[in-house]
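Below is one structure, written out as structure tokens, with a few remarks after it.
The values are calculated or read from the model by the stated rules, or taken from the named source; none is laboratory data. Note that the coordinates shown come from a computational prediction; the quantities given were computed from them, not determined experimentally. No Cβ is skipped: glycine too gets one built from the backbone with ideal geometry, and neighbour counts run over all protein chains shown. Just the protein is used for accessible areas: all its heavy atoms, side chains included, with ligands, DNA and RNA removed. Shrake-Rupley method; radii C 1.70, N 1.55, O 1.52, S 1.80 Å.
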Amino acid sequence: VTTGIVGIPVNPAARPQLIGAYKTTLDELKAKIPETAAYRKAVEAITAHRLKIVEENDDTAKIEELIGSGQIEELICQAEDEIKLISKMAEWRPWEPLEEPAPPRQWEYFKKAPLTE
């Protein structure tokens, strides 16, 4: 049996490991990231949704189908990466104001260019 993904072996205990990773993610967010941070809100919402799916389903194929982001072994890798990122985000503190004001018109490239004739 293989995942078909180089470097990622089949994990016979994938479901409990994924549940643990999702719970760790939620705990780390609460411990390290302010409630008002957009990053925390987004990751909490996604993780809580995925945790509910994994807890309510015993079938690996059903979990993979409902989450829709790869095989369960890949989901574990993604969750472990997110846990590492939480510590980095806590260090970088992107929710705090900029040290220097943004240059004028910095974000205007998101707007449509004016029509020219």
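If the condition is being over 13 Å from LEU18 (Cα atoms) and either touching a residue at least 12 places away in the same chain (Cβ under 8 Å) or part of a loop (DSSP other than H, G, I, E, B) (or both), then the stretch 39-58 contributes TYR39, VAL43, GLU44.
You will find that of GLU55, GLU117, the residue that is surrounded by fewer than 17 Cβ atoms within 10 Å (Cβ to Cβ), of a type in the set (Asp, Glu) and modelled with pLDDT of 95 or more is GLU55 and no other.
Looking at the stretch 59-75, is at least one residue surrounded by 16 or more Cβ atoms within 10 Å (Cβ to Cβ), part of a loop (DSSP other than H, G, I, E, B), free of Cβ contacts under 8 Å to residues at least 40 places away in the same chain and more than 16 Å from the chain's Cα centre (by Cα)? No - not one qualifying residue is present in the stretch 59-75.
Could you tell me whether any residue of the stretch 4-26 is open to solvent by 30 Å² or more (accessible area, probe 1.4 Å), under 15 Å from the mean Cα position of the chain (by Cα) and closer than 30 Å to PRO97 by Cα? Yes: the stretch 4-26 contains one or more residues that are open to solvent by 30 Å² or more (accessible area, probe 1.4 Å), under 15 Å from the mean Cα position of the chain (by Cα) and closer than 30 Å to PRO97 by Cα. Note on the stretch 32-52: among residues that are small (Gly, Ala, Ser) and open to solvent by 40 Å² or more (accessible area, probe 1.4 Å), the one that is farthest from ALA79 (Cα to Cα) is ALA38.
A search for C-beta distances below 7 Å between a residue of the stretch 14-38 that is under 13 Å from LYS52 (Cα atoms) and without any contact (Cβ under 8 Å) to a residue 60 or more places away in the chain and any residue that is β-branched (Val, Ile, Thr) and open to solvent by 30 Å² or more (accessible area, probe 1.4 Å), counting only pairs 6+ apart in sequence or on different chains, returns ARG15/THR60.
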